[in-house]
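Following: one structure in structure tokens, then a few remarks.
The values are calculated or read from the model by the stated rules, or taken from the named source; none is laboratory data. For clarity, every value in this text was computed on a predicted model and none was experimentally measured. Positions of Cβ are backbone-derived with ideal geometry, glycine not excepted, and every protein chain shown enters the neighbour counts.
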Amino acid sequence: MKQNRKRSERRPVERLCPTPETGLTEEQAAQRRAAGWNNAAQDSLSKTEWQIVRDNVFTFFNFVFVALAACLFAVGAYRDMMFLGIVAANVFIGIVQELRVKRTLDKVTLLSGSTACVVRGGRTRTVPTDELVLDDIVLLRPGSQVCADAVVADGTLEVNEALLTGEAELVQKRPGDTLLSGSFVVTGACAARLDKVGTDCYAARITGEARRRKRHRSEMMRALDRLLRFISIAIIPVFVIMFAKQYFFLHTGLEYAMSSTVAAIIGMIPEGLYLLVSVALAVSVISLARSKTLVHELSCIENLARVDTLCLDKTGTITEGCMEVLETIPVPGMEGGALAELLGSFTAAAGEDNATAQALRARFGALGGGWQPKAAVPFSSERKWGALVLKDGDEYILGAPEIVLGGGYAAFRGTVEPQLAAGRRVLVLARGHGVLEGGTLQHDPQALGFVVLSDKIRADAPATLAYFKAQGVDVKVISGDNAVSVAEVARRAGVEGAEHYLDMSRVPEDADLRGAAQAHAVFGRVTPQQKRALICALKDTGRTVAMIGDGVNDVLALKDADCSIAMAAGSEAAQHVAQLVLLSSNFSAMPQIVKEGRRVINNIERSATLFLVKNIFSFVVSLVLLFAAMPYPLVPAQISLLSGLLIGVPSFLLTFEPSYGRVRGSFMRSVLLNALPGGLVNVVNLLAVMWIGSGMGLPMEQISTVCTLLAGTAGFMVLLFLCWPLSRWRFAIVAAMGVGFIGACVLLGPLFGLSPLSGRAWTLLGVFAAATPALMCLFVFLVSRVKQRLRRSQRAKHAAGLSATLS
């Protein structure tokens, strides 16, 4: 609808065909922008301020809470409506935090926004992509993402349309061919005229949905969604049955029947848990943004915490990414000066702009020149070479020696391999006549000489890699360079197992890579498709894989990784696909990013345990009481007391604790097992006190008070267990919550529905309070045995799967 409205606001303009050298004038561009023919992006998928407020206020559970409050208001139970204060606080905190995230990310996104190189009035300038207009001439080079549908005006290139079609094959484009927005340039360069802009683009119809599909829910959020769906289905029948039983069959009176039923329902709803997770993730996003890391997907924060395998390229990650020519090695019969001139001519005519081409241009750019090739084969990561065909039919090929020379490589093995063993990169310049056909090498060309290049290892790379080794994270180096050279660089940088390398050029395309992915730490001569296959193979063996990349050859692997990280200094395509973008392009920032992911998820897991203790005992007690002739023992005010002081406040404070251990296992299973002892202690205490208290003839008010105090005792013990061993911060939290709970019971007892206890009630309370620690230890022991069995079963399954994979 909005797209159609935008189209209707446009005024017709005359189509133009500017030359690639001059482009549109600034006046023509301004007229098109005023007429509505700019490349304005599709309506933003990020929330507006109103959407943030709406999504926090108008939720299903907020509606449930208001409905429950209305029921209490109708029966005059005004005191029991105080849970609305907690709900209002949750809504307020959620809105404030989301607004903070929006403003922080808006600033970071503005700094990292997409730009394009455009020709205006004969001058080349860089502008934001949404300032481009219809018929603009844009210049595209390897790594550029096509920002609007265009027609190639000059030059040839190969593009990858995998983000649109899912097909990874490169598509060659010549003058007159159409470029689709969303594709990205792999090889070559061109000047293109924008043919469709904004919402008219091919990708505009699918980009929004594609991005929504990309933002998948993490395992933790999916588990919470399932929990909330279950609760939302259960609360309505439980409410109806429990109220009917208490009012019509137990004759507890309208006010008490309504209050206790509402208390049971409130106890089943983890009203602060979803907020806790959202706030913790929001704070984490802000923290990462301040560390110059842009988060595209919240799910990647959890995946970061679970990562056990880190895959990365050599160039630009372990090394600085700035190549330098060390020397040239001419073949016998070729003079060094002549080889340098040929390299200068080739580099100038090829017009490549990658790191290797820049190094060659810096060394040989002033030499040679004057070539006007009639055809060119751009360098690509798949071919490992590029070529020029001159008018006289001579063909010059520059690329990986073992690929370019084929069978003739054996004669030069002694020249090349010592350089590779030293961690250097070697290229061969070869000449042929009739060896190229259809963009492929049909015959072995003649070697003219070799170029030796070096890329300096980052000063901070060894310390960064040592951190991952200490954390039990396996590092896999996946590169398009020669495997021997990559292995030596990885060894010097400190990659464990770097001596176990594999030359992927010798591996069949359809090979099962799961065994090889496990057994090797370094992979050389890897094509983009093989990078993707290695990532998938590691995931198939049960690993959680993070991928760091910066080039167009990394895009396919980044898409399939559990957590994808791109360098801002790399290609636009990699940044668009990645879940995280390192705006500083600094590999040494990775340990802090991983720590942040682990901290927030570990703390969420620990705090979520507090919430589920209440949910477990409320649900089980409610279920039992549906079939027992006893009323629910608690009222909403008492539930609010327990929720506030023993769940809400400590869970929020614990999210700021340092906790950097790797997250393992299923989130919901871990949380449920951790919460189970406390929940079961409450179930036993509450049901036993109700049964014994009724037999002793205690009034319901005193039974309710005893149950509240016992639930507080168990809640305090759960908090103590979660905070053990006690640091100063944890001790302060536990002590403050204990004093706060006792103070609230003593000073504000009537406000929370607590009544004075008789001697028999105090005796009942004392007996069960004394038994609570022993009962808690018993359930902790039993649950720990269950955890051990589950871990053994999980290890056995993993070992069996790994054995089957390796065999």
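The figures follow:
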| read-out | value |
| --- | --- |
| One residue from Leu343, Leu360, Leu367 being assigned to a loop (DSSP other than H, G, I, E, B), aliphatic (A, V, I, L, M) and in contact with a helix residue (DSSP H, G or I) (Cβ under 7 Å, 6 or more places away or on another chain) | Leu367 |
| Of all residues in the stretch 595-620 being over 17 Å from Val307 (Cβ atoms) and β-branched (Val, Ile, Thr), the one that is surrounded by the most Cβ atoms within 10 Å (Cβ to Cβ) | Val613 |
| All helices (runs of 4 or more DSSP H) inside the stretch 1-88 with 3 or more residues being surrounded by fewer than 17 Cβ atoms within 10 Å (Cβ to Cβ) and at pLDDT 90 or above | 26-34, 60-74 |
| Subset tally (residues that are within 46 Å of the chain's Cα centre (by Cα) and surrounded by fewer than 20 Cβ atoms within 10 Å (Cβ to Cβ)) for the stretch 437-452 | 8 |
| Unmet requirement for Arg306, which otherwise passes all of (1) surrounded by fewer than 22 Cβ atoms within 10 Å (Cβ to Cβ); (2) modelled with pLDDT of 85 or more; (3) within 22 Å of the chain's Cα centre (by Cα) | (1) |
| Residue identified as surrounded by fewer than 22 Cβ atoms within 10 Å (Cβ to Cβ) and in contact with a strand residue (DSSP E or B) (Cβ under 9 Å, 6 or more places away or on another chain) among Asp474, Asp460 | Asp474 |
| Scan of the stretch 346-357 for residues that are out of contact with any Lys or Arg (no Cβ under 8 Å at 6 or more places or on another chain) and assigned to a loop (DSSP other than H, G, I, E, B), ordered by number | Gly351, Glu352, Asn354 |
| Qualifying residue in the stretch 254-267 (condition: surrounded by 21 or more Cβ atoms within 10 Å (Cβ to Cβ), modelled with pLDDT under 85 and out of contact with any His (no Cβ under 7 Å at 6 or more places or on another chain)) | yes |
| Members of the stretch 563-600 that are closer than 21 Å to Ala470 by Cβ and touching a Gly at 6+ places or on another chain (Cβ under 7 Å) | Arg598 |
| Entirely in the stretch 482-571, the strands (runs of 3 or more DSSP E) that have 1 or more residues that are in contact with a strand residue (DSSP E or B) (Cβ under 6 Å, 6 or more places away or on another chain), of a type in the set (D, E, K, R) and surrounded by fewer than 21 Cβ atoms within 10 Å (Cβ to Cβ) | 501-503 |
| Options Leu465, Leu429; residue that is among the aliphatic types (A, V, I, L, M) and in the same structural domain as Pro378 (by TED's automatic domain parsing) | Leu429 |
| Output for the stretch 744-771, where each listed residue is in a loop (DSSP other than H, G, I, E, B), touching a residue at least 60 places away in the same chain (Cβ under 8 Å) and either surrounded by 15 or more Cβ atoms within 10 Å (Cβ to Cβ) or not assigned by TED's automatic domain parsing to the domain that holds Leu719 (or both) | Gly753, Leu754 |
| Helices (runs of 4 or more DSSP H) wholly inside the stretch 217-328 containing at least 3 residues that are closer than 30 Å to Gln638 by Cβ | 219-244, 254-268, 273-290 |
| So His433, is it in contact (Cβ under 8 Å) with a residue 40 or more places away in the chain, surrounded by fewer than 19 Cβ atoms within 10 Å (Cβ to Cβ), over 21 Å from Thr356 (Cβ atoms) and more than 43 Å from the chain's Cα centre (by Cα) | yes |
| Leading residue by the ranking (modelled with the highest pLDDT) among those in the stretch 576-613 that are farther than 22 Å from Asp562 by Cβ and assigned by TED's automatic domain parsing to the domain that holds Arg669 | Val613 |
| Qualifying residue in the stretch 773-787 (condition: free of Cβ contacts under 8 Å to residues at least 24 places away in the same chain and over 22 Å from Leu612 (Cβ atoms)) | yes |
| Set Lys469, Lys476: member being over 30 Å from Val428 (Cβ atoms) and charged (D, E, K, R) | Lys469 |
| Residues satisfying the stated conditions in the stretch 399-418, i.e. crowded, with 22+ Cβ neighbours inside 10 Å and farther than 15 Å from Arg383 by Cα | Val416 |
| Residue pairs meeting the criteria (Cβ under 7 Å; at least 6 apart or on separate chains; first in the same structural domain as Ile266 (by TED's automatic domain parsing), in the stretch 628-640; second assigned to a loop (DSSP other than H, G, I, E, B) and small (Gly, Ala, Ser)) | Val635/Gly753; Ala637/Gly753; Gln638/Gly753 |
| Residue within the stretch 118-137 that is at pLDDT 85 or above, farther than 29 Å from Ala35 by Cβ and under 32 Å from the mean Cα position of the chain (by Cα) present | no |
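Residue-wise test of (1) of a type in the set (Asp, Glu); (2) farther than 30 Å from Ala282 by Cα.
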residue: Arg306; (1), (2): no, no
residue: Thr315; (1), (2): no, yes
residue: Glu324; (1), (2): yes, yes
residue: Val331; (1), (2): no, yes
residue: Glu335; (1), (2): yes, yes
residue: Leu343; (1), (2): no, yes
residue: Ala349; (1), (2): no, yes
residue: Ala359; (1), (2): no, yes
residue: Ala362; (1), (2): no, yes
